[in-house]
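As C-alpha cells, the structure follows; a few thoughts come after it.
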Amino acid sequence: MKNINTKSSTLKRTIIISLVIISLIALATGIAYKKNLWPFNQNNSQSTPNQTSPEQRKADNDTKQQLIENTNNTNQGTPPSSASNIELTTNTDTEGTVTVLTKLFGYSDGTCTLNVQNGTAKISQSADIIYQQEYSTCAGFSVNTSALGSGTWTLDLVVTSKGVSATKQLTVSVK
C-alpha cells in the first residue's frame, strides 16, 4: 500500500513542478513579447530605424546622462576641438538632393552648422546634435542641387558643444 502512495505522491510532485516550470516559461515569454524582446514579435518588423520606443529613448537618455556624469567626474567634460573627431560624407540621390551625413565622436550635445558654397552661391543650415552611444550625429542636412547649381561645392561643418567648436571641411563635385 505504501508503494502505491509513494508512486502517486511522486507523480503528483512531478506534475506540479512541471506545471510551475511551464507557467514560468509562459510568463517569461509574455514579458519578452510585451517588451519587444521576442524575436518573432510582429511589432519589431514594422518599426522604422527613425522610430524609437519609449524604453529605448529612456535607455539612451540614461546612457547619455551617465556619459556626462563620467566626463564631469574626471574633469574631461569638454568635447574634442579637433576635426579628426568628425566624419563628414555626402550622398547625392537621383532627384537632385545632396544629403550630408555626419559622425561625431566624443560629442553628447550641441549644435551643427553647415555652410555650403559653390562659387558665390552660399547656403547655411543648423541642426542639433543627436546623441547615440557609438557616435553622435547632426540631426540632418539636405541641400537641393538647384539651390547652388552644379560644380565644386565646399562644405564647412562647424560643431559646437559646451562652448568648444571644431570645423570639418569637405569638397564635393556635384553634377
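Every read-out reported here was derived from the displayed coordinates using simple, explicitly stated rules and does not represent laboratory data. Since this is a predicted model, take the numbers as computed values, not measurements. Reconstructed Cβ throughout: ideal geometry from the backbone, glycine too, with neighbour counts over all protein chains shown.
Between residue 57 and residue 133, the FRET efficiency estimated from the beta carbon spacing at R0 = 22 angstrom works out to 0.95. For the pair residue 99 and residue 10, the difference between a 0.36 nm per residue extended length and the Cα-Cα distance amounts to 25.1 nm.
Under 5 Å from the amide H of residue 110 lie the amide H atoms of 129, each residue being 5 or more positions distant or on a separate chain, with H modelled from the backbone and absent for Pro and chain starts. Rounded to 0.05, the FRET efficiency of the residue 171 and residue 31 pair, given R0 = 45 Å and the Cβ-Cβ distance, is 0.30. 3J(HN,Hα) couplings calculated from phi for segment 97-102 with the Karplus curve 6.51 cos²θ - 1.76 cosθ + 1.60 (θ = phi - 60°) are, in sequence order, 10, 9, 9, 9, 10, 10 Hz; Gly and Pro show x.
Residues of segment 89-121 with the amide nitrogen closer than 20 Å to a label point 7 Å from the Cα of residue 81, along Cα-to-Cβ, please. It comes to 104-113, nothing else.
Evaluating 6.51 cos²θ - 1.76 cosθ + 1.60 at θ = phi - 60° for every residue in segment 118-130, the Karplus couplings come out as 9, x, 9, 7, 9, 9, 10, 9, 10, 8, 7, 7, 9 Hz, glycine and proline recorded as x.
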